[in-house]
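Let me begin by presenting the structure, written as structure tokens, before commenting on it.
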Amino acid sequence: MSDDHLYMTLAEGHDDDTRWAYGTGFEDPLHGVDGAVPDGIDTGELTAVCVALADDALVLAQRLAEWTTRAPELEEEVALANIGLDLLGQARLLYSRAGQVDGTGRDEDAYAYFRDADDFRNVRLAELPNGDFAFSVARLLVLSAWRLAHFERLTASDDPVLAAIAAKGVKELSYHRQYAAEWVVRLGDGTAESHHRMRDALEQVAPYLDELFTAYDVQDEVEAVLKQVTETAGVPLPVCRPQPGSGRAGNHTEHLAPLLAELQSVARAHPEATW
Amino acid sequence: MVTVLPDVRHARHIAECVPDPELPMLTLADLGVLRDVEVDADGTVVVSLTPTYSGCPAMAEMRAEVAARLTAAGYAHVRVRTVLHPPWTTDWITPSGRRTLAEHGIAPPGPAPRRAPGPVPLTLSPTRPAVPCPRCGSADTEETSRFGATSCKALWRCRACREPFEYVKEI
């Protein structure tokens, strides 16, 4: 590597298919971190928490990446891609932690690329198609408000690695929630057209709120944030009947499998390859 | 036989001088990601790094470069460990790192926010003290996007000299 620019080597020609991609940052994100699991921790439960939070982040990051080249303005495209990158980073850390504690020695790639839709535990709100920009920012507001509140709780986790991942994530999620909240207000309190789009978006989001609140105790806090933002936007959050089933139990919409098919296509075409 | 332990001060100096892959005008010490350099009982140089953002793709490069430079300097046993806690904050960017950023046209961060529970700040006009333009020094600047070309930067522009500039956002 010497003093050459670190990324120069990426421009060199490659002609083998034993590697999925050439780039940087493919190393285990927990490399060099003390991975010992403290006594008394329920490893099954810790794994389940890590996988559910990683699945939320991976699936939403994939949806956010779909906005690339399609966002209304370059600045919004850059913002959505950055938010997706933060979430992808959180997913990688959480999958790596799950692999350390679940006893199988699976790595992040095994979790991300070699499980089917039925094995994913993300909430369905994350997997719904992007829709218009209003729906995407309304969904981002809900998921980032929930994730921020939940990560704040997890900074006190008995598992020091999960607590550290959460403490780092809190800083990132504060920016995500702020970005989404400002757009919900701007659209809701904007033109007749943008107001109407945001009202429709919140109607589509509302049936999936309940799914977030089954296992954790952050409901009041998240609902207060959503109420504050939607009231400022002049678009009330509708109360409606929840969608039956839960992504946390592996019940997904028909939209998750095609998303995963695209996400996993290269890895599955060359299952023996590495980064 | 007398075991000679590696010189920790020299090792620290080498690690401190490694440039950041994304902001190559800064060293790892300037950026505050280099948390510690020590020599353990068996003579291994142990370097502790803290990642900036969860999705930062540069960590592996930093790790490899630190190990490569220490090895090239004659340290036979080098280990780079990742320390996740406490999480990195822009408050750890050194005063000299802040000056270097400004000299390269990148506005350095202000103090990191202390997050308090409560309502989301929702004024759509600027809510923070204006960031002075790193080129002309004018305070008449505005944010154009809170997210930029790398995770750590926002996009701003100066209304006085009309130049766009990047700003390392507080985290």
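Tell me which of A:TYR175, B:GLY43, A:SER96 sits at the most positive position along the dipole axis of the protein assembly as shown, charges placed on C-beta atoms (Lys, Arg +1; Asp, Glu -1).
Final value for the positive-end residue is A:TYR175.
Counting only DSSP beta bridges with both residues in chain B, what percent are antiparallel, rounded to the nearest 5?
If I count the DSSP bridges inside chain B, around 70 percent turn out antiparallel.
Please get the size of the charge dipole for region B:8-82, origin at its Cα centre, with Cβ charges of +1 on Lys and Arg and -1 on Asp and Glu, quoted in debye to the nearest 20.
120
Sort A:GLU272, B:GLU163, A:GLU108 so the one with the fewest other Cβ atoms within 10 Å of its own Cβ comes first.
If I rank by nearby Cβ atoms, fewest first, I get A:GLU272, B:GLU163, A:GLU108.
Name the residues whose placed amide hydrogens come within less than 5 Å of the amide hydrogen of B:THR144, ignoring near sequence neighbours (fewer than 5 apart) on the same chain.
The answer is B:LEU155, B:TRP156, B:ARG157.
Taking square-rooted eigenvalues a ≥ b ≥ c of the alpha carbon gyration tensor, is chain B rounded, prolate or oblate, where a/c under 1.5 means rounded and, failing that, a/b exceeding b/c means prolate?
The shape class here is prolate.
Write down the percent of antiparallel bridges among all DSSP beta bridges whose residues are both part of the protein assembly as shown, to the nearest 5.
Beta bridges within the protein assembly as shown, antiparallel portion: roughly 65 percent.
Per 0.36 nm of contour for each residue apart, how much would the distance between A:ASP189 and A:ALA261 grow if the chain were fully extended, relative to their Cα-Cα spacing?
22.1 nm
Please compute the alpha carbon radius of gyration of chain A, then divide it by the globular-protein estimate 2.2 N^0.38 Å. Two decimals is fine.
My calculation over the Cα atoms of chain A gives 1.04.
Zone of B:MET25 (label point 7 Å along Cα→Cβ, backbone N under 13 Å): which residues in region B:128-171?
B:134-136, B:165-168
Using the scaling law 2.2 N^0.38 Å as the reference, what is the normalised Cα Rg of region A:132-185?
Compactness ratio reported: 1.24.
Within region A:38-79, report the GluC sites (Glu not before Pro) that DSSP leaves as loop and that have at most 13 other Cβ atoms within 10 Å.
Answer by residue number: A:GLU73.
Given +1 on the Cβ of Lys and Arg, -1 on the Cβ of Asp and Glu, and no further charges, what dipole in debye does chain A carry about its Cα centre, rounded to the nearest 20?
780
Once amide H atoms are built 1.01 Å from N in the peptide plane, which residues 5 or more positions from B:ALA107, or in another chain, come under 5 Å H to H?
B:GLU166, B:TYR167, B:VAL168
How do A:TRP20, A:TRP275 line up, fewest other C-beta atoms within 10 Å first?
A:TRP275, A:TRP20
Using each residue's phi in region A:41-58, evaluate 6.51 cos²θ - 1.76 cosθ + 1.60 at θ = phi - 60° and report the 3J(HN,Hα) Karplus result to the nearest Hz, with x for Gly and Pro.
8, 6, 5, x, 5, 4, 4, 4, 4, 4, 5, 4, 5, 5, 5, 3, 5, 5
Mind jotting down a quarter of the surface of the convex hull over the alpha carbons of region A:136-275, in square nanometres, one decimal?
Seen from a random direction, the Cα hull of region A:136-275 projects 10.9 nm² on average.
Based on the alpha-carbon gyration tensor of region B:8-82, what equivalent-ellipsoid semi-axes (square roots of 5 times the eigenvalues) come out, in whole Å, largest first?
Over the Cα atoms of region B:8-82, the ellipsoid semi-axes are 20, 12, 11 Å.
Laboratory data are not the source of any read-out in this text; all were calculated from the coordinates shown. What you see is a predicted model; the values in this text were computed from it and never measured. Cβ: placed from backbone, ideal geometry, glycine included. Neighbour counts: every protein chain shown.
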